[in-house]
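See below for the structure under consideration.
The values are calculated or read from the model by the stated rules, or taken from the named source; none is laboratory data. Owing to the predicted nature of the structure, the values given are computational and were not obtained by experimental measurement. Virtual Cβ from ideal backbone geometry, glycine too; neighbours counted across all protein chains shown. Note: accessible area is taken over every heavy atom of the protein model, side chains too, but ligands, DNA and RNA are not part of it. Shrake-Rupley method; radii C 1.70, N 1.55, O 1.52, S 1.80 Å.
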Amino acid sequence: MAEYTFTIKRFDPVKDKEPYEKVYKVPKLASIVTILDALNYIKENIDSSLSYRHSCRMAICGSCAIRVNGKPALACITKIVHLGTDFIKLEPLAKYPVIKDLVVDLEPFFEKHKSVKPFLINKKESIFDIEPDSELKQAPEDLELYLQFAYCIKCGSCYSVCMGTPDLSKGFKEGFIGPQALAQAYRYSFDSRDEGFEDRLDTVASPEGVFRCHFAASCSAVCGKGCDPALALQLLRRAVIFGKKH
Ligand code: SF4
Ligand code: SF4
Ligand code: FES
């Protein structure tokens with residue numbers, strides 16, 4: 001039977017001194033379409049000790065991002081046939097500590113996300129200060145300003161390929177907070193219902209913020225949700241220099 005050859009980087013910090021590669025042969029069945037299908041086949045039929053993460057299976061939860069033939073991808077929506085080869089190498093995302101096999105620790109990444117206050121900030125003291133007839137309406141053109149960045153599912157892929165972000169796998173945490181967090185700073189600051197641009201400036205305009213970006217746009221090239229974090233960073237940089245109205 002025709003088959004795929006999967007080479008998977010394995011590492012269990014409890015028993016392995018170093019990561020190693022293990023090869024699995026997966027039959028070309030009609031039921032195996034995506035990388036996640038193949039991982040499930042391996043786990044159910046060949047090696048139950050393999051660890052990887054997934055939940056939604058439809059590019060919504062962001063948990064299945066791994067490296068496929070060297071490039072970050074969402075395992076659940078990456079069709080094997082689109083890779084153009086039967087030899088597939090799977091590795092955990094770069095720059096994150098490995099918990100086991102293909103599962104990385106995204107906690108430090110989420111800390112960076114939190115640092116930009118990724119929520120709508122309203123200066124009213126109480127929700128009751130908003131009159132019943134003054135709902136926070138939004139025109140289609142207001143939505144267009146930030147919509148693509150609202151599609152971010154926090155998969156961590158863009159951070160892992162950015163040349164400026166600290167390597168969390170080596171214990172470095174300080175430094176550039178990265179494309180995902182800053183794209184979200186843009187997403188919320190340019191939402192017409194938000195009043196928090198100045199509250200985010202401490203982080204956004206700091207030495208860890210937008211001015212660390214080299215604008216090579218690797219972040220945008222790997223986003224499986226069609227976000228363009230490199231664009232958001234440039235727009236945010238302009239807002240920091242010239243003010244939000246420009
Ligand atoms: S911007 Fe794209 S690549 Fe980056 S975390 Fe969000 S969904 Fe993932
Ligand atoms: S454009 Fe900026 S944020 Fe994106 S990968 Fe390059 S340096 Fe990182
Ligand atoms: S399983 Fe949720 S994004 Fe892939």
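Key figures for this structure:
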quantity: Centre separation in Å (Cα based) which lies between region 190-204 and region 2-57; calculated: 42
quantity: Rounded FRET efficiency, nearest 0.05, which uses the C-beta distance separating Lys124 from Ala30 and R0 of 51 Å; calculated: 0.35
quantity: Cross-link partners of Lys22 among aspartates and glutamates (Cα-Cα below 20 Å; sequence separation of 8 or more within a chain); calculated: Glu3, Asp12, Asp37, Glu44, Asp47, Asp86, Glu91, Asp101
quantity: Estimated FRET transfer efficiency when R0 is 25 angstrom, pair Lys114-Ala216 (beta carbons, to 0.05); calculated: 0.45
quantity: Within straight-line cross-link reach of Lys114, aspartates and glutamates at Cα separation under 18 Å, skipping those fewer than 8 residues along the same chain; calculated: Asp105, Glu174, Asp191, Asp194, Glu195, Glu198, Asp199, Asp202, Glu208
quantity: Nearest-0.05 FRET efficiency for Leu201 and Tyr20, computed from C-beta distance (R0 51 Å); calculated: 0.65
quantity: Backbone N under 18 Å from the Met1 label point (7 Å along Cα→Cβ), restricted to region 22-46; calculated: 24-46
quantity: Region 156-231: GluC sites (Glu not before Pro) falling in loop per DSSP and having at most 14 other Cβ within 10 Å; calculated: Glu174, Glu195
quantity: Where the chain is the region considered: accessible area per residue in Å², 1.4 Å probe; calculated: 53
quantity: Sparse-neighbour loop sites [trypsin sites (Lys or Arg not before Pro); region 11-115; at most 11 other C-beta within 10 Å; DSSP]; calculated: Lys15, Lys17
quantity: Protein accessible area in the chain, 1.4 Å probe - carbon and sulfur %; calculated: 55
quantity: Electrostatic dipole magnitude of the chain [Cβ: Lys, Arg +1; Asp, Glu -1; Cα centre; debye, to 20]; calculated: 800
quantity: Unit charges at the beta carbon, dipole of the chain: most positive-side option, Cys213, Ile153, Tyr186; calculated: Cys213
quantity: Entries of Lys43/Lys71; Lys15/Lys154; Lys95/Lys117; Lys71/Lys173; Lys71/Lys117; Lys17/Lys112 with Cα pairs more than 25 Å apart; calculated: Lys15/Lys154; Lys71/Lys117; Lys17/Lys112
quantity: Over 18 Å (Cα to Cα) - which of Lys9/Lys100; Lys25/Lys89; Lys89/Lys170 fall in this group; calculated: Lys89/Lys170
